[in-house]
Amino acid sequence: MRIIGMMSGTSYDAVDAAAADITLDGDGVVLRPLGMVSARYDDGLRSALAAALPPAATTLKDVCLLDTRIGQAFAELAVRADRELCGGRAELVVSHGQTVHHWAEGGRVHGTLQLGEPAWIAEATGRPVVSGLRTRDVAAGGQGAPLVSIVDVLWLRGRPGVPVALNLGGIANITAAGGPAGSPPLAFDTGPANALIDAAVLHFTGGRLAYDADGALAARGRVDGELLRRLLGDPYYAAPPPKTTGKELFHLPYLLAALEGRDALRPADVVATLTELTARTVADAVRSVGATEVFASGGGTRNPVLMDRLRSALGGVPLRGSGELGLPSAAKEAYAFAVLGFLTAHGLAGTVPACTGARHASVLGSITPGRRALRLPEPAPTVPVRLRLAPPLPPYGHG
């Protein structure tokens, strides 16, 4: 199947769409990448989204506006991805949407909300759309995150030792694909990756900058031991997995509360400290699962200061990019959602209960029909246990 996977992460700055040819081959899923396209949210939409996110108050009118405009932004990019990457022959679109709230209390997730009405995508492309993928796992008692852990497990299975997939988005998460003696896989959010760094940069520059490009601010600053101690004291880090978190916790007011009494700190020192916080908490989580190698993806991999600090904190555990195993860092999450949609279309579960904490594995999402009668593939006769990457092809129509 030619599938377009789409997502916008907790940094809510852009939408990514990755296209792939995905097939079943015996006990494996074979993914052949076709490429990725991205589009930034326009400034008005991004500002409206930022203004509505917790801990801010919002209205149902604003929620409706955001659901519509995010859906339209996804639809516009889906049309482009179908044309440029699939030659107009995509068969399915998979939309993660935009997470606006992940209701986590007392170590449990009670609900999750992603905006971006899929009807806009189905109407614009004429293709069926799989969406709402997180909710079913939550309904089954799971955390609903890290949702791509099944893809990580299939992707890394068979490597020696304990390989770990790391995603550095707004929030950082890891998946340990299992290890010696048949130990089960494990996945959880480690805490903030870029969330607090972005919030600090936006605050201290008065909105002029949205993130620490190339780690420039962090490179000019010094880590403040007292601020780092306060931040590391958050109970989230000591909570056992499975666990998940988000910008419902790690937001600007959270940071400003931690900065109380530290008014003399330069903005660069704050950003350097937050960068160290991310490196330290990710490294602690990676060590806790006995990792022997780490494959990183996400926007944080473009921050050389963060990556240098993380390498130092990891000690002798090798840190590599996910592209070394065939999944480009910038596109990995979008490709993973394409795989999740493929599993749904074939009646296959898209979760690993050991990773999300759910009572059982679930087929994920809801399906919005395209223009034609909805016809799904025959249910898969076997459950896949591995993901293989086929050599990428030029986008359709490009050779």
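Structure values in brief
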read-out	value
Scope the range 362-384; condition within 16 Å of G144 (Cβ to Cβ) and buried (at least 21 other Cβ atoms within 10 Å of the Cβ); matching residues	S362, L364, G365
Of residues in the range 303-362 being modelled with pLDDT of 95 or more and of a type in the set (S, T, N, Q), the one nearest to A390 (Cα to Cα)	S322
Qualifying residue in the range 289-300 (condition: open to solvent by 20 Å² or more (accessible area, probe 1.4 Å), of a type in the set (F, W, Y) and touching a residue at least 40 places away in the same chain (Cβ under 8 Å))	no
Residue match in the range 172-185 (condition: touching a residue at least 12 places away in the same chain (Cβ under 8 Å), under 23 Å from D269 (Cβ atoms) and crowded, with 24+ Cβ neighbours inside 10 Å)	yes
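The values are calculated or read from the model by the stated rules, or taken from the named source; none is laboratory data. Given the structure is predicted, the values throughout are model-derived calculations rather than measurements. Positions of Cβ are backbone-derived with ideal geometry, glycine not excepted, and every protein chain shown enters the neighbour counts. Remember, those area values only see protein heavy atoms, side chains included, never the ligands or the DNA or RNA. Shrake-Rupley method; radii C 1.70, N 1.55, O 1.52, S 1.80 Å.
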